[in-house]
Amino acid sequence: MTVDPLDMFKSRSKELVKEALARLEIDVQLPLEIPPEGKGGYAFPCFMLAKEMKKSPADIAKQLSQEIPEDATFSRIEAQGPYINFYINPEMLVQQTIESIMDKREEYGNWPQTGVKINLEHTSANPNGPLHVGRARNPILGDTIARILRKCGHDVTTEFYVDDMGKQQVTLTWGVENLTQEGEIPEKTDHAMVWYYQEATRLMESDSDVLEQINQMVAKYEEKDEEILARVKDNCQKVLNGMNASLRRLDIHFESFAWESKYIFNGNVDRVVEELKAHEFTDYEDSALYLDLEKVGITGQENKFYLTRSDGSSLYSTRDIAYHLDKLANYDLAIDILGEDHKLKAKVVKIGIGLLGKDEEKIEPLFYSFVSLPDGKMSTRKGRVVYLDDLIEESVGRAQKEVQERRPELASELKRGIAEAVGTGAIRYNIIRVQAEKQIIFKWEEALSFEGNSAPFIQYSHARASSILRKTAVLGNYDLKLLKHRTEIQLVKALARFPSLIKESGESMECHPIAGYAFELASLFNQFYRDCPVLQADEDIMNARLALVTVSRYTLSNVLDTLGLVAPEEM
RNA sequence: GGACAUGUGGCCUAGCUAGGAUAUGGCGACAGCCUCCUAAGCUGUAUAUCAAGGGUUCGAAUCCCUUCAUGUCCGCCA
């Protein structure tokens, strides 16, 4: 059975149009469109034939439709104005779709393995403090895209690039080794460590002795001092552990961690510099190597993009080039989830890879805009920040209150589970439902909405479906021809779209269409729930509807999983 | 100053890649629906010069140009 239940309808309608055109000896392809509600499943506009045939599009549509024979796949094929509309045979659609989902179950929506190996780098936040909401878009976006690509059949490895080379990391380590934190120390390691970083940064700015000490450490570190490396990595790891704990709560995990220092210590960065300095697009200024942006066609910037300092030590982007070289050696595609502030750097990395003779098209950066607060950008230093952990706590806390109000009779363990699922789900969904390049201004009321277009809305539909199925014995024989209510057909149409949606979203690497679909599907299920009683219906109808509820539940569960949301049995 | 992105009812948002039939939904507002499978639900009403102007086209939210607004970048930081 094919993955996409709509496939036969799409290809058959195209075929029929093609044959009709051939009979009229017209050598043009008509595009397939999805018409508005009530105009059938597929439509072919005839405008582009008007010039050639010297007739109005409406007349052409009429003439063409007369050339199309009746076909079992469609209940009606007719011209309406300038369009030929194909009405999908609802019985066949219901049959195809429900059987396909019954057959695939948890696998419905998954495409066959492609063998394509993808490295998907996301989050990669500097390990000097807890994740804040301004950055939280990165892991959520990255994890969701990873899930989509896996459903598309690709072999995805998610990776966190740990920056353990910057001055910031040395500053943190200096703080840990020279300062004593007073008062109550937070239990979570990222929250405990950030104090040292903030305090050391403050001291460094006011005390030149401190600055001197830190600079000396940085200098030694860049000369590949293994002992300092061990100390810095140790502190990074502690912060990283805290970050990972936060992300785990959102069901975000990494398969791999790539440490930036590795590429310095193993000599790869030196090799990159060696090769690049021979290139005609690079030059020296005071023995600092730079790339001439004008020569590579980047305008709007200062012309020099530095690849090394004048002492020969490497810069961030140079190390990033070495890192990406490594990715391309091991993967077919490298995807990077990056904040919009990284656009120029990402471009330079791609160019660098190209200059080294590798295929830069295999690097795909995806950008997102920052989440800011109503009074501006989030900043850890200025204390103008909402930590991800606080957002999660607040969200789960509010969800806990809601569950308590709505379902006081449930066991408290169950209520806690529901609150966790709803609270964390609301956060993920709110980030993912908007296209990544739109700027978001963080507002508590919006971030923690549990009604309307939100995660709990979708989870609730799943809980309703589960509830119906919980109350019945094993599914009996069913006759799908009995499903002909308007909302039943609409629900089936939505169910049928899932596999093609997964594929399209994987190709465009966008998450928000899936969120929109999840909401639409849940909404249609709720309408079905209102219009079509299941358990009270006559046995024949009940069995047919139970089949529809079963496949709806599978599909709801699969979309929720694609978005990284829990599908609760009850809420 | 230049570069990249974004601009759709009071607020948020889909549609833009491949121009087509009355611009998608949510929040908020107002009016309704629990003797019936969970009301985190459902139904209805009102609200849009698709930032502005010009162009291409039989046809533009969608393509092109100009302008404006917002975000981001333009460090021998990361």
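The values are calculated or read from the model by the stated rules, or taken from the named source; none is laboratory data. None of these values were measured; they are calculated from a predicted model. Please note: Cβ atoms are built from the backbone with ideal geometry, for glycine as well, and neighbour counts cover all protein chains shown. When the accessible area is computed, the model is the full protein with side chains, heavy atoms only, and any ligands, DNA or RNA have been set aside. Shrake-Rupley method; radii C 1.70, N 1.55, O 1.52, S 1.80 Å.
With bins 10 Å wide beginning at 0, the percent of Cα pairs of the stretch A:388-562 falling in each bin runs 9, 33, 32, 20, 5, 0. Compared with the direct C-alpha span, the chain from A:Asn215 to A:Phe265 gains 16.1 nm at full extension, assuming 0.36 nm per residue. Both numbers refer to the Cα atoms of the stretch A:29-137; Rg and Dmax are 23.4, 70 Å. For the stretch A:367-435, the list of trypsin sites (Lys or Arg not before Pro) that fall in a loop by DSSP and count at most 15 other C-beta atoms within 10 angstrom reads A:Lys377, A:Arg381, A:Lys382. Sorting A:Val386, A:Val28 by solvent-accessible area of protein heavy atoms yields A:Val28, A:Val386, largest first, with a 1.4 Å probe.
Each of A:Ser287, A:Ser395 has its accessible area taken with a 1.4 Å probe; listed largest first, they run A:Ser287, A:Ser395. Once the Cβ-Cβ distance of A:Thr299 and A:Leu414 is raised to the sixth power relative to R0 = 51 Å, the FRET efficiency obtained is 0.30. Annotation note: trypsin sites (Lys or Arg not before Pro) in the stretch A:26-87 located in DSSP loop regions with a Cβ neighbour count of at most 13 within 10 Å are A:Lys54. Computed with a 1.4 Å probe over protein heavy atoms only, the accessible area of A:Thr144 comes to about 0 Å². In plain terms, the chain from A:Lys471 to A:Lys377 could stretch by 28.8 nm, reckoned as 0.36 nm per residue minus the Cα-Cα distance. The spacing between the stretch A:306-348 and the stretch A:434-487, judged by their C-alpha centroids, is 41 Å.
Averaged per residue, the stretch A:332-421 has 51 square angstrom of accessible surface, using a 1.4 angstrom probe with ligands and nucleic acids left out. Using a cutoff of 8 angstrom between alpha carbon atoms and counting only pairs six or more residues apart, the relative contact order for the stretch A:388-562 works out to 26 percent. At the residue level, A:Glu182 shows approximately 150 square angstrom of accessible surface with a 1.4 angstrom probe and all protein chains present. Residues whose amide H comes within less than 5 Å of that of A:Phe257, counting only those at least five positions distant or on another chain, are A:Phe160 (H built at 1.01 Å from N in the peptide plane). In this structure A:Phe305 has an accessible area near 30 Å², from a 1.4 Å probe over the protein heavy atoms.
Karplus-derived 3J(HN,Hα) values for the stretch A:12-18, using 6.51 cos²θ - 1.76 cosθ + 1.60 with θ = phi - 60°, are 5, 5, 4, 4, 4, 5, 4 Hz; glycine and proline are entered as x. Computed from the C-beta positions of A:Glu340 and A:Asp27, the FRET efficiency with R₀ = 45 Å rounds to 0.50.
An ellipsoid equivalent to chain A, defined through the eigenvalues of its Cα gyration tensor, has semi-axes of 52, 33, 18 Å when rounded to whole angstrom and sorted largest first. Just the protein heavy atoms count here, and of the accessible area of the stretch A:388-562 at 1.4 Å, carbon and sulfur take up 48 percent. Applying a DSSP loop filter and a limit of 16 other Cβ atoms within 10 Å to the trypsin sites (Lys or Arg not before Pro) in the stretch A:202-274 leaves A:Lys224.
The spacing between the stretch A:501-571 and the stretch A:10-87, judged by their C-alpha centroids, is 32 Å.
With the simple spin-label model, which puts each label point 7 Å out from Cα in the Cβ direction, the A:Glu223 to A:Asp540 separation comes to 9.0 nm. Were the residues from A:Tyr284 through A:Ser256 laid out at 0.36 nm apart, the gain over their Cα-Cα distance would be 6.5 nm.
Here the stretch A:7-88 is treated as a Stokes sphere of Kirkwood radius computed over C-alpha pairs; at 25 °C and 0.890 mPa s its diffusion coefficient rounds to 198 µm²/s. Once the convex hull of all Cα atoms in the stretch A:346-410 is built, its volume per residue stands at 185 Å³.
The mean sequence distance of close C-alpha pairs (under 8 Å, at least 6 residues apart), as a share of the length of chain A, puts its relative contact order at 16 percent. A Förster radius of 30 Å combined with the Cβ-Cβ distance from A:Asp234 to A:Glu393 puts the calculated FRET efficiency at roughly 0.60.
The convex hull of the Cα atoms of the stretch A:196-280, projected and averaged over all directions, covers 8.7 nm².
Net charge in the neighbourhood of A:His279 (other residues with Cβ under 12 Å of its Cβ; Lys, Arg +1, Asp, Glu -1) is -3.
Counting charges near A:Asp59 (Lys, Arg +1; Asp, Glu -1) among other residues having Cβ under 15 Å from its Cβ returns a value of +1.
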